[in-house]
Amino acid sequence: MTANRKVAIICSKAGLDECYPALILANAARQSGIDAFVFFTFWGLDVVTEEKVDHLHVNLAGNPASGMPTMLAGLPGMESLAGRMMRKQMTELSLPSVREMLQILEEAGAELYGCELAMQMFKRKKEELVPQVKDVITAGDFYDLAEGAQIIFT
Amino acid sequence: MSDPTKTDLAAIAARLDALTAQVARLAERGRQDDLYDELVPVMRAMMGSAMGRLDAMERDGTLAFVRELGGVGQKVLASFSAADVRQLGDAVVTILETVRTLTQPDVMRVAADAGEAIQHADTAKPMGLFGMMRATKDDDVQRGMAVMMEVLRRVGHGVNAMAAKQQHADDKKAKLAEILGPKRQRKVLGTERAAPPKALPAAPVVKAAPPAPACAVPAKPGQVAAVIDGVAFTADGNLVDAAAWTRGLAAALADAERVGLTDAHWAVLDAARADFAATGSSPNIRRLTQVAGVSTKDLYVLFPRAPGRTIAKIAGLPKPAGCL
């Protein structure tokens, strides 16, 4: 067997719709026998923050595919409403929630990392992150880990 | 009584009393929805037909109303049951107050005016959100809104009081049930004490299969890429025909995938084949955790490299589709 293929996925946003691609790609990699690392940085840190992970929103404003005029999409409460609706729909389709996805990823052997700089910026401590996060590392550490990997930025 | 206006008056007064009595009876009930359901036809009847004639009555003067009250009482008695009348007696002060308030000339005028608007409802134009906002600039509309808000406030206040009363009654019932509860339970205590059978953690429990997930894609018929010992394989190494699978073949396929088959492996393989037989699609990992009762983690332990695909290969199923 040749040396195992690797992917390193950078998740930099925490919209419900923006974080799923990273999580799904990481999971699909593991299912295909590919090693996967996910690096949560900047807003993406919310995805692995205990108090935020169950309340991720969907941003409709400025998104022509949402079908909602930007003027209305910017009204207060709209994105939390959209987030709730999307979560409900995903539950109906029996798709895993973000928290479940993180658990599945950990069980599947994908490695999740938080970004140290983002942690400092948002004044977060390691204890505030979900237990699936293996470590908090710098961008340089990430490159060391991801040596020889294909890098995907979401 | 020969005067048609007076006959009308009597009829209308009787009706009013009946309606008021109904309202009073409704007030006794606790259920909000009942109140709303029954109040709607009552209001409609009041607004729709009564207003025009009430207006006429008002012009005639309230003296006539008083004169007719005796006859009205008789009619009311005739058309109500004994229980109704008893309730009516209890609420008589409220009813009279309500009637008095409703029949005040000022109130009647306003009501008649509003009734007229409903009579001409067919000429009203449909109104949207912005139309509504424009309409609120009108002084009369603003005043009307204030009045309606006050009416709403009072109705809400009353309904809340009713709900609180009901809640109080429910609490009493609950307390009673609490006191009576142990006595009733004693009869079935034996069955309640029986401990629920504990699930054995060792062997994976095959759960009743949940409905096929929406993301599962029906398996496509595979193209024959190679035939080894009379068995056809696709280019990915899956069996072309799941029916050609045998347990001996599975062992050989597992060897090729470098998986040593144990009972735990077989349980997963059997669950996968059973699910394929039931749904016609090759289960992906998420589906396998559901039908085989094995955690994602254990699947990766049993089949370390690409468990979904490996299981499909060894179980003689098509390559699983879907992202999860």
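Please list B:279, A:70 in order of solvent-accessible area, largest first, computed with a 1.4 Å probe with all protein chains present. Don't skip to the answer; put the middle values down first.
Numbers: B:279 55, A:70 80 Å².
I get A:70, B:279, largest accessible area first.
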So the carbon and sulfur contribution to the accessible area of the stretch B:226-314, 1.4 Å probe, in percent, is 53 percent
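Go through B:116-123, A:49-56 and give me the packing order, highest mean Cβ count within 10 Å leading.
Numbers: B:116-123: 9.6, A:49-56: 15.9.
Listed from highest to lowest mean packing, they are A:49-56, B:116-123.
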Correct semi-axes for the stretch A:44-154, from √(5λ) of the alpha-carbon gyration tensor and rounded to whole Å with the largest first, are 29, 17, 15
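How well do other chains shield peptide A:22-34, expressed as the mean number of their Cβ atoms within 10 Å of each residue Cβ?
Whole-number average of other-chain Cβ neighbours for A:22-34 is 4.
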Those trypsin sites (Lys or Arg not before Pro) from the stretch A:89-154 that are DSSP loop and have at most 12 other Cβ neighbours within 10 Å turn out to be A:123, A:125
Filtering GluC sites (Glu not before Pro) in the stretch A:121-154 by DSSP loop and by at most 14 other Cβ atoms within 10 Å leaves A:147
The stretch B:226-314, convex hull of Cα, quarter of hull surface, nm² -> 5.3 nm²
Probe 1.4 Å, all chains present, heavy atoms only: residue B:324 accessible area in Å², nearest 10, is 10 Å²
On complex formation of B with A, accessible surface lost, both sides summed, probe 1.4 Å, nearest 100 Å², amounts to 1500 Å²
With every protein chain in place, the accessible area of residue B:19 for a 1.4 Å probe, in Å² rounded to the nearest 10, comes to 20 Å²
Filtering trypsin sites (Lys or Arg not before Pro) in the stretch B:123-165 by DSSP loop and by at most 13 other Cβ atoms within 10 Å leaves B:137
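The values are calculated or read from the model by the stated rules, or taken from the named source; none is laboratory data. Note that this is a predicted model, so its numbers are computed, not measured. Ideal geometry is used to build each Cβ from the backbone, glycine not excepted, and the neighbour counts take in all protein chains shown. Keep in mind that these areas ignore ligands, DNA and RNA; they rest on the heavy atoms of the full protein, side chains included. Shrake-Rupley method; radii C 1.70, N 1.55, O 1.52, S 1.80 Å.
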